[in-house]
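Have a look at the structure below before the remarks.
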């Protein structure tokens, strides 16, 4: 990204400086395509997975006109849903006729995998938008027999910068653009390209692909399991959401009924740990996680949720210090309540 | 921006790292507000002026339901136009009833000012979207008696990074968002913030404001005039568009009928100069500039247009070397044609 700062040209300009900027964008496109397992022409750079989601939803007229999402989907897709899908309907066709639906490959709050780690595809009844934001860069991106119509992902979830994402268009048609003007991204998304951010997205995709291939996240899963076991050994009052289901290697969603998630975030912050209650982008809201409510947890359980995310740099010492700090604060909380 | 790369938090997170990211975004917001002369709450960060344009146009239902643009507007606004405004109608109300119209403060291809350098405001008949992308950072941003309803601008036109822009909302109502999800930008534009790019936008706005106040662009205008005089002294075959009208200090739009603008771009590139034919973002297109056609120039004149932009680092020597190279290539072109 620092090198890209010296590439001052506009990728749409035909002079030397413009061509250098164009090359930088196209190299990043190839790197993202490699990570996702798609053609370079299927990658449309956007400013976020959120923009990619809106762009996918804007294509619903081509897919039956109706858009639906599971209640556990991230708000960037869920907020567009016209019919809340029942999780039991995901495989079937409970809504009459063909429509566009959102099903994530891995949940953003719990890390639980949508379909055993395979990117959820389209079906005879559904064109699918699959949110691979959480999956990509942590597990191999593998497709079933049918690809989805669209996938969305974000750079900052794979180690890249915030403010860059992509729509992967698996359909034969170019999406109708939401942004008009200069005709960038092959007329699919106008606006001068975020060259520095895109360069970072590409570099992150290349690094993330190598890390996944090297099995580095398996070690992270071990650490996550140590974290959960250490906490479970100290108290039987916690639930680790999705513990017995296939889930991402780095996420632990912990419920401790009666102890507000937001309080835990602040207390752990004082201890030097950055965790989140619910998903970071909706943490300003005080409502209990709708994801957990949809999964059948009570209001009290859902509002106690914290999400602990481990990274490749997280050490066993970090994990044990976290568990110690959390147990200490939990013990104090119980004494206050008692 | 490099310092911002070390701010890893998500601005929506409440922990220490998140608050640091939030501070960075809010400092940039204050810097952009200072440059534009608006309240910080009126600044909505987007991924480009193009996205800001689309977001403004999406509000047209609140302004009479119809959107119009002058044929000289940048495509990010012009491509949404339902009724092409006649330049003569700009001050009046030739379209019945109230509607939303786009009028730029300075044209992106010619640098000609829309209303003597004042940001074009709303009228009893028009809610106005004023494109200040070219004006901001080169001239003071001054308002008439009435502000526009919206203004749009872009970081990379004031020395900041590509891929960041802003919608300035002067209306009393929050715009209906185009991007839904996490509720960032006070629920007006969802998507995790481009913290690095926004930091660059803010820093560029602060620097640009100082440069404008110091009159540094007056020196650039002198150099631009030297460029035009040197070329005019060598040939009477050129037209400098808007030479006798109020225009930006750094832009020269040169017509040399019979010599394709695209050819000039390539020839000047070989000589080490990056110029453009038309606007950079539409340079992939081979059509003659619709801006120039709308101004009454012929197809042959319009397709010969080049746009030469000077910067604060441009020297008199640069300008004279450019003029020499251009005159040499023009002379060779004439010999080939003759």
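General observations
- Of all residues making up the stretch B:16-37, the number that are without any contact (Cβ under 8 Å) to a residue 60 or more places away in the chain and in contact with a strand residue (DSSP E or B) (Cβ under 8 Å, 6 or more places away or on another chain): 1
- Count - residues of the stretch B:255-269 that are within 19 Å of residue A:18 (Cβ to Cβ) and touching a helix residue (DSSP H, G or I) at 6+ places or on another chain (Cβ under 7 Å): 3
- Cβ-Cβ under 6 Å pairs, at least 6 apart or on other chains, the stretch A:38-54 side within 9 Å of chain B (Cβ to nearest Cβ) and within 19 Å of residue A:147 (Cα to Cα), far side part of a helix (DSSP H, G or I) and at pLDDT 95 or above: A:53/A:76; A:53/A:77
Conditions (1) in contact with a helix residue (DSSP H, G or I) (Cβ under 6 Å, 6 or more places away or on another chain); (2) more than 22 Å from residue A:61 (Cα to Cα); (3) part of a loop (DSSP other than H, G, I, E, B), marked per residue:
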residue: A:145; (1), (2), (3): no, yes, yes
residue: A:152; (1), (2), (3): yes, no, no
residue: A:163; (1), (2), (3): yes, yes, yes
residue: A:171; (1), (2), (3): no, no, yes
residue: A:180; (1), (2), (3): no, no, yes
residue: A:186; (1), (2), (3): no, no, no
residue: A:198; (1), (2), (3): yes, yes, no
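- Test for residue B:92: is it modelled with pLDDT under 95 and in contact with a strand residue (DSSP E or B) (Cβ under 8 Å, 6 or more places away or on another chain): no
- Members of the stretch A:58-77 found to be within 9 Å of chain B (Cβ to nearest Cβ) and crowded, with 24+ Cβ neighbours inside 10 Å, listed by number: A:74, A:76, A:77
- In the stretch B:73-88 there is at least one residue matching the filter, namely being modelled with pLDDT under 90, more than 17 Å from residue B:241 (Cα to Cα), in a loop (DSSP other than H, G, I, E, B) and not assigned by TED's automatic domain parsing to the domain that holds residue B:293.
- With respect to (1) at pLDDT below 95; (2) more than 19 Å from residue B:323 (Cβ to Cβ); (3) in contact with a strand residue (DSSP E or B) (Cβ under 8 Å, 6 or more places away or on another chain), the lone exception for residue B:276 is condition (2).
The values are calculated or read from the model by the stated rules, or taken from the named source; none is laboratory data. Model, not experiment: these values are computed from the prediction. Every residue, glycine among them, receives a Cβ derived from its backbone with ideal geometry; neighbour counts consider all protein chains shown.
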